[in-house]
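To start, the structure itself, in structure tokens.
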Amino acid sequence: MTSSPQTRALRINMVELLRHPGSERSIEHEISAEDLGCQLAPGQSEIAGNVVVEVTAVAATDDVAVSGLVAIPWSGECRRCLKAISGVRNVDFDERFAPARDRDRLSTVDGDLSLVEGDQIDLVEPIRETVMIETPTSVLCSDDCKGICDVCGVDRNEASCECVVAVRDERWAALDDLQLDD
């Protein structure tokens, strides 16, 4: 993916931060899903605006911790009644980065540490992954949504119907005529 002014704002000069342990750099930036390169799975809600990134990078002696919030505006359909709904999912963002050239010097390279080639931490990929994972896949307009009637198609949140929706397993039909003596 080519660098654009939108994605360049999500870069952090790691070398400069590591020269001064304890130093910080804050990033507050809005970026479109298109500039992030997000391609959501079928059935997943859509990203309904710019993704808001508010993170702070803090230098330690060997690595840089980047933490904050990623706000993902989404829109989709209720899985029960098919009404259009939207919202914002706020996701905690917490990543650690270290220079790849220091790989041998680092005492422990754990799964939470990303090694960076070059001098710049590029947050585009980890933010893209966060957005793709955290965008809702199946949403409800409310927890008590009654959905659409399978028989007549009426939205049971707005009107009631007299349809009988009986789930019947024909394998047990012989027991319908069974009369028990008490």
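The values are calculated or read from the model by the stated rules, or taken from the named source; none is laboratory data. Bear in mind that the values here come from a model prediction, so they are computed numbers and not experimental data. Cβ: placed from backbone, ideal geometry, glycine included. Neighbour counts: every protein chain shown. The protein model used for the area step is the full one, side chains on, heavy atoms only, and it has no ligands, DNA or RNA in it. Shrake-Rupley method; radii C 1.70, N 1.55, O 1.52, S 1.80 Å.
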Exercise. Taking the stretch 15-34, which residues are buried (at least 19 other Cβ atoms within 10 Å of the Cβ) and among the acidic types (Asp, Glu)?
Worked result: none
Problem set entry | Out of ALA84, ALA65, sole residue that is modelled with pLDDT of 85 or more, hydrophobic (A, V, I, L, M, F, W, C), over 12 Å from LEU10 (Cβ atoms) and open to solvent by 80 Å² or more (accessible area, probe 1.4 Å) | ALA84
Exercise. Does ASP119 meet the test of being at pLDDT below 90 and within 30 Å of THR56 (Cα to Cα)?
Worked result: no
For this session: All but one of (1) at pLDDT below 95; (2) in contact with a strand residue (DSSP E or B) (Cβ under 6 Å, 6 or more places away or on another chain) hold for ILE133, so report the exception by its number.
Result: (2)
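Report yes if PRO126 is assigned to a loop (DSSP other than H, G, I, E, B) and either modelled with pLDDT of 95 or more or closer than 23 Å to ALA71 by Cβ (or both), otherwise no.
No, not satisfied.
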Problem set entry | Residue in the stretch 87-104 that is modelled with the highest pLDDT, counting only those that are surrounded by fewer than 15 Cβ atoms within 10 Å (Cβ to Cβ) and either over 14 Å from the mean Cα position of the chain (by Cα) or of a type in the set (A, V, I, L, M) (or both) | VAL88
For this session: Look through the stretch 35-46, keep the residues that are closer than 26 Å to ARG96 by Cβ and in contact (Cβ under 8 Å) with a residue 40 or more places away in the chain, and return whichever of them is surrounded by the fewest Cβ atoms within 10 Å (Cβ to Cβ).
Result: GLY37
